[in-house]
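Written out below as structure tokens is the structure these notes cover.
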Amino acid sequence: PLPDAGPAEGDGSTVADPLIACVFPRAVPAALVDALATRTFGMDSAYFAAHDYWHPDCGYFSHSFRLGDAPRTCVEQIIQTFVLPGATAANPAAAGAVYAEWWVHRRKPGHAHQMHFDLDERRLLTRGEVRAPIVSTVLYLSNGGAPTLVTDHRFGDPVAAANGWICAPEPGRLLVFDGSLLHGVVPHFDHGPDAGERLTLMVGLWGAEVTREPLAPRPGANAVLPDEEEDLPEWARAAGMQPWADCGPAPSAWAPQLEGLMHVGVPLYEPIAGAPAETSELRVPDLFRGRFFVRDHWEVDQNVREEVQPTLERLEALARDVLAGTPNMAATERLVGGLVRFWGGAAEEQDPEEALQLLLGTTNSSAFGRKCAVEHCDFLLERLRHNGFVAALFWNLLRDQDVSDKFASAQLVTQLEPY
């Protein structure tokens, strides 16, 4: 259980325990913050251009590296020199972290980011398992934009979020919080015409079990850079991304502070008088689309549960989008993973035949769909009773001429041999 936050004291800037959330006001020297904001992650930086960050269809992506390795970018340098020591001072469990996952966001003044949990996205999509980082952090690189909200709610808690803590952007400020907590960026109106954008570097500290993937042309979560220097993507070799000769000085002592966190009173979500009936569509302005208005306190939890064990109705709707529209890797991966879990976990009274037909239709629609299905082979062989049929299914996937040889691996053939 979380420590009791208790009533806000004084101006409401006190939180009961730094294990929930705390800040380090000037964790990173101003010169390094400025270099990150203007060169590494400037508007015209190679990083944003290479990832199509400004494209409306740009999905979530992040990068991962092993802590303790020699840094190959200034971001890895910042994480090892400042973020990791600060996180460990706030929460000793962070000392057990093996990998760091990092990503960056630029937001217009006032723009929000939906309430969410930081999760192992790959494991959620492919295995239906919910895992969170040990610690999550936000390093603010600007003083513009909306504040971060951290709540006291974890996925699966039997009680709704009761408290929240607001942290406003300030260059060099490091926010550290329990990686399993529900959080987001709330819409913000108190900004003048000259307000700047919100620029932040987020870092999740993980144990050895996190799912990491080789870097792909369009990376997903926890993408790992190639080992060889000459194989690094251009953005990682850009001048603004190179490690600095002098990355310091780090604070002589890391003292977690509670000042700067504004307590949000109980209840975190308030009932709305005259709210529409449960069966009607919940319509809110675009600015507030981010689970700031919800039908009940557990709506975000339910969204995650639908990924773990989706309903057939949800899969059918997703299949219509995937099969009828422009190929979308993230949506295809979500669909295939959901179909496999539905098929493999269907209750005795359910007929998984329709899910199987959708799975076959998706895998036949594109090489990427077949790749996604092959990645689920372990799960299928572990969970399904009709293993002989699974073997036949994958044999037909592998013999298709446009499936890359790397998916027809010796390991997969060995797995199928007993069936």
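A single member of 11, 118, 57, 69 is acidic (Asp, Glu), over 19 Å from residue 168 (Cα atoms) and modelled with pLDDT under 95, and it is 57.
Among residues of the range 162-189 that are touching a residue at least 60 places away in the same chain (Cβ under 8 Å), those with a beta-carbon under 7 Å from a residue that is hydroxyl-bearing (Ser, Thr, Tyr) and surrounded by fewer than 22 Cβ atoms within 10 Å (Cβ to Cβ) at least six positions away or on a different chain give the pairs 171/142.
The set of residues in the range 42-94 being in contact (Cβ under 8 Å) with a residue 24 or more places away in the chain, part of a loop (DSSP other than H, G, I, E, B), more than 16 Å from residue 241 (Cα to Cα) and small (Gly, Ala, Ser) consists of 59 alone.
Against the list (1) modelled with pLDDT under 90; (2) in a loop (DSSP other than H, G, I, E, B); (3) open to solvent by 50 Å² or more (accessible area, probe 1.4 Å), the condition residue 254 fails is (1).
Filtering the range 107-120 to residues that are under 29 Å from residue 71 (Cα atoms) and surrounded by 20 or more Cβ atoms within 10 Å (Cβ to Cβ) leaves 117, 118, 119, 120.
Please enumerate the residues belonging to the range 109-145 that are in contact (Cβ under 8 Å) with a residue 60 or more places away in the chain, out of contact with any strand residue (DSSP E or B) (no Cβ under 8 Å at 6 or more places or on another chain) and outside any helix (DSSP H, G or I). Lay out the reasoning, then the answer.
The first filter runs over the range 109-145 and keeps only residues in contact (Cβ under 8 Å) with a residue 60 or more places away in the chain, leaving 109-131, 133-142.
Subsequent filtering for residues that are out of contact with any strand residue (DSSP E or B) (no Cβ under 8 Å at 6 or more places or on another chain) retains 110, 119, 121, 123-131.
The answer is 110, 119, 128, 129, 130, 131.
Evaluating residue 18 against the criteria (1) at pLDDT 90 or above; (2) within 25 Å of the chain's Cα centre (by Cα); (3) of a type outside the set (A, V, I, L, M) leaves one unmet condition, (1).
Can you work out which of the residues in the range 217-233 that are within 17 Å of the chain's Cα centre (by Cα) and either over 30 Å from residue 171 (Cβ atoms) or among the small types (Gly, Ala, Ser) (or both) is surrounded by the fewest Cβ atoms within 10 Å (Cβ to Cβ)? Ranking the qualifying residues of the range 217-233, first place goes to 218.
When you check residue 171 against the structure, is it buried (at least 20 other Cβ atoms within 10 Å of the Cβ), part of a loop (DSSP other than H, G, I, E, B) and modelled with pLDDT of 90 or more, yes or no? Steps first, please.
Working: buried (at least 20 other Cβ atoms within 10 Å of the Cβ): no; part of a loop (DSSP other than H, G, I, E, B): yes; modelled with pLDDT of 90 or more: yes.
No: the conditions fail for residue 171.
Among the residues of the range 121-128, not a single one is modelled with pLDDT of 95 or more and either among the β-branched types (Val, Ile, Thr) or surrounded by 19 or more Cβ atoms within 10 Å (Cβ to Cβ) (or both).
The values are calculated or read from the model by the stated rules, or taken from the named source; none is laboratory data. Predicted, not measured: the structure shown is a model, and the values here were computed from it. Here Cβ is always computed from backbone atoms with ideal geometry, including for glycine, and neighbour counts include all displayed protein chains. The accessibility values were calculated without ligands, DNA or RNA, using every heavy atom of the protein model including side chains. Shrake-Rupley method; radii C 1.70, N 1.55, O 1.52, S 1.80 Å.
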